[in-house]
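One structure is given here, and the rest of the page talks about it.
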Amino acid sequence: MKILKFSSYEEMSAAAADIIAKQINVKGDSVLGLATGSTPVGMYKKLVEMNKSGLIDFSNIKTVNLDEYYPISPSNRQSYRYFMNDNLFDHVNIDKANTYVPNGEAEDPDAECENYEKIVKSLGTVDIQVLGIGQNGHIGFNEPEENLYLYTHKTALTENTIAANSRFFTEDEVIPTSALTMGMGTIFSAKKILLLINGKAKREVFKQLLSDRITTACPATLLKLHPNVIVLCDSEACGE
Ligand code: GLP
């Protein structure tokens with residue numbers, strides 16, 4: 001893993017956007033693996049600015065997202081489909097037909113996961129997969145467990161994740177307790193992985209990433225086995 005430290009969230013976000021922009025400019029029909037959560041919001045903002053000023057072109061870009069709550073309607077403002085439209089897709093020249101997020105209102109979630117895995121494979125290799133990280137070390141929604149899954153699957157969210165994500169929900173909104181997520185194998189098949197970590201709340205999990213251990217109790221530690229991972233962190237997450 002290559003670790004790049006930045007003094008602020010803004011600098012980290014700008015550096016992440018630069019890496020994505022270079023990828024888009026080198027290969028105009030790249031496949032981007034995208035993530036939600038608060039972490040990549042700054043990066044998406046920069047990418048929108050770059051697109052508006054003509055520095056990058058999304059017209060031939062395809063995207064696959066890591067995960068989606070289940071059950072949830074894509075029109076629900078808490079859904080990850082809504083998040084992606086709102087933070088990126090609605091503001092750049094991407095063809096929405098080329099953007100994929102698991103369907104949170106599929107009647108048969110297992111069939112949807114199987115289908116999503118096929119979609120990811122049909123697009124060819126993901127050129128860059130963007131990841132955030134849960135405080136408990138989850139990536140996508142691969143929660144700490146004795147056994148992790150290789151492929152896209154339905155999963156129950158841990159208490160820790162539900163509590164961490166509850167900050168986005170108002171009192172009258174129901175917090176989903178399940179999700180559809182790419183598996184560890186789906187994520188690992190990307191050529192390059194960009195892991196973004198910011199804020200004090202991620203300091204403990206960042207320490208686990210630096211240790212020489214890998215464990216399914218902290219799924220992100222398995223990233224140490226991937227040949228091309230860049231970790232971008234701010235000083236609050238990585239300390240001195
Ligand atoms: C969610 C997402 C993850 C994300 C994580 C961290 O649970 N499924 O993909 O990395 O939250 O979120 P945040 O960036 O808001 O800390």
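The values are calculated or read from the model by the stated rules, or taken from the named source; none is laboratory data. Only a predicted model underlies this, so the values are computations on that prediction, with no experimental measurement involved. With ideal geometry, Cβ positions are generated from the backbone for all residues, glycine too; neighbour counts draw on all protein chains shown. Each accessible area value is taken on the protein alone, full model and side chains, heavy atoms only, with ligands, DNA and RNA left out. Shrake-Rupley method; radii C 1.70, N 1.55, O 1.52, S 1.80 Å.
For the pairs K62/K200; K2/K191; K27/K154, flag any whose C-alpha to C-alpha distance is greater than 26 Å. With Cα atoms farther than 26 Å apart: K62/K200; K27/K154. Of all DSSP bridge pairs formed entirely within the chain, close to 30 percent run antiparallel. Cα-based values for the chain, radius of gyration first and Dmax second, are 16.6, 48 Å.
Give, in whole angstrom and from largest to smallest, the semi-axes √(5λ) of the equivalent ellipsoid of the stretch 89-172, with λ running over the eigenvalues of the Cα gyration tensor.
Values: eigenvalues 113, 69, 45 Å².
Result for the stretch 89-172: semi-axes of 24, 19, 15 Å.
Accessible area per residue was computed with a 1.4 Å probe on protein heavy atoms; H226 scores about 10 Å². Judged by the mean number of other Cβ atoms found within 10 Å, the most tightly packed of the peptides 49-57, 202-210 leads the ranking 202-210, 49-57. E173 sits with roughly 50 Å² accessible to a 1.4 Å probe, with DNA, RNA and ligands left out of the calculation.
Dividing the convex hull volume of the alpha carbon atoms of the stretch 9-138 by its residue count gives 110 Å³ per residue.
The simple spin-label model puts a point 7 Å past each Cα toward its Cβ; for E10 and E105 those points are separated by 3.9 nm.
At 1.4 Å probe size, with every protein chain present, just tell me what the per residue accessible area of the chain comes to in Å².
On the way: 11030 Å² over 240 residues.
I get 46 Å² per residue for the chain.
The alpha carbon centroids of the stretch 70-95 and the stretch 129-148 are separated by 21 Å. The C-alpha atoms of the stretch 160-225 occupy a region whose extents along the principal axes are 42, 27, 20 Å, arranged from largest to smallest.
Assuming 1.567 mPa s and 4 °C, estimate D for the stretch 1-77 with Stokes-Einstein, Rh taken as the Kirkwood radius over Cα pairs, in µm²/s.
On the way: Rh = 13.9 Å.
Taking Rh from Cα pairs, D becomes 93 µm²/s.
The aspartates and glutamates within cross-link reach of K202, meaning a Cα-to-Cα straight distance under 16 Å and a gap of 8 or more places when in the same chain, are E143, D234, E236, E240.
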